[in-house]
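Presented below is the structure to which this report refers.
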Amino acid sequence: GVWAVGNNSPLICNGSNLSYRLQTFQDAGGYDGTDFLPSGDDDLFLQNVHKRTPWKIKYSLFSETINYTRPLDNLGEFINQRARWASKSLHYPQKWLLLLMFMIYLFYLLLIILFPLTLFQVIPWKVYLLGLGLKIIPEFFVVAKATKVLGRSALLKYFAMTQIFQILYVIVVGFLGFFGWFSWK
């Protein structure tokens with residue numbers, strides 16, 4: 001989010017933390033073209049504001065501007081929600097973004113597939129660790145910044161432990177979202 005907005009390429013947002021002027025909404029055409037989607041009106045609206053209007057998009061890193069939402073009750077609801085969210089990426093107007101997300105997906109899949117090959121010394125450890133580092137190091141800086149803004153820096157102690165779950169989560173949720181295997185409330 002922050003990187004993309006800072007580079008004048010806003011891509012994603014969260015509807016619960018999105019605010020805009022009525023005139024911005026009207027200038028962008030509202031939620032035109034997203035009526036049929038079970039998710040994504042927030043991201044697609046943001047992209048339309050950027051593409052269709054002269055309005056500037058800003059990202060707030062002030063903790064007092066952040067809205068908090070209630071967590072879901074169980075893992076099944078969480079996976080279903082995230083699969084629904086993942087499904088919207090198929091409708092992004094920037095095809096390069098879909099390609100980028102697919103490449104990241106393949107990269108995560110390779111991290112899982114190549115791990116046993118590394119254990120059996122088919123792939124050198126240095127190559128595998130380099131790939132893993134390409135994922136973990138940049139993400140650490142993003143998560144460190146986010147936890148600082150949220151006043152939750154103590155959570156960083158869980159960062160390394162959660163990496164394997166995050167990789168599996170992206171693979172499963174991306175698969176479910178791509179094939180539309182989710183339900184809407």
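The values are calculated or read from the model by the stated rules, or taken from the named source; none is laboratory data. From a predicted model like this one, the values you see are computed outputs, not experimental measurements. Positions of Cβ are generated from backbone atoms using ideal geometry, with glycine treated the same way; all protein chains shown enter the neighbour counts. Accessible surface is based on the protein model in full, side chains and every heavy atom, while ligands, DNA and RNA are left aside. Shrake-Rupley method; radii C 1.70, N 1.55, O 1.52, S 1.80 Å.
The conditions are (1) open to solvent by less than 100 Å² (accessible area, probe 1.4 Å); (2) in contact (Cβ under 8 Å) with a residue 60 or more places away in the chain, and His91 fails exactly one of them. Which is it?
(2)
Exactly one of these conditions fails for Asn8: (1) in a helix (DSSP H, G or I); (2) farther than 24 Å from Val173 by Cβ. Give me its number.
(1)
Run Ile57 past the list (1) in contact (Cβ under 8 Å) with a residue 40 or more places away in the chain; (2) open to solvent by 50 Å² or more (accessible area, probe 1.4 Å); (3) touching a Leu at 6+ places or on another chain (Cβ under 8 Å); (4) assigned to a loop (DSSP other than H, G, I, E, B) and report the number of the one that doesn't hold.
(2)
If I ask for residues that are under 19 Å from Pro138 (Cβ atoms) and part of a loop (DSSP other than H, G, I, E, B), which ones from the range 92-123 would you list?
Result: no residue meets the conditions.
Every residue in the range 124-153 that is without any contact (Cβ under 8 Å) to a residue 24 or more places away in the chain, open to solvent by less than 80 Å² (accessible area, probe 1.4 Å) and not in a helix (DSSP H, G or I), please.
Scanning the range 124-153 gives a single hit, Pro124.
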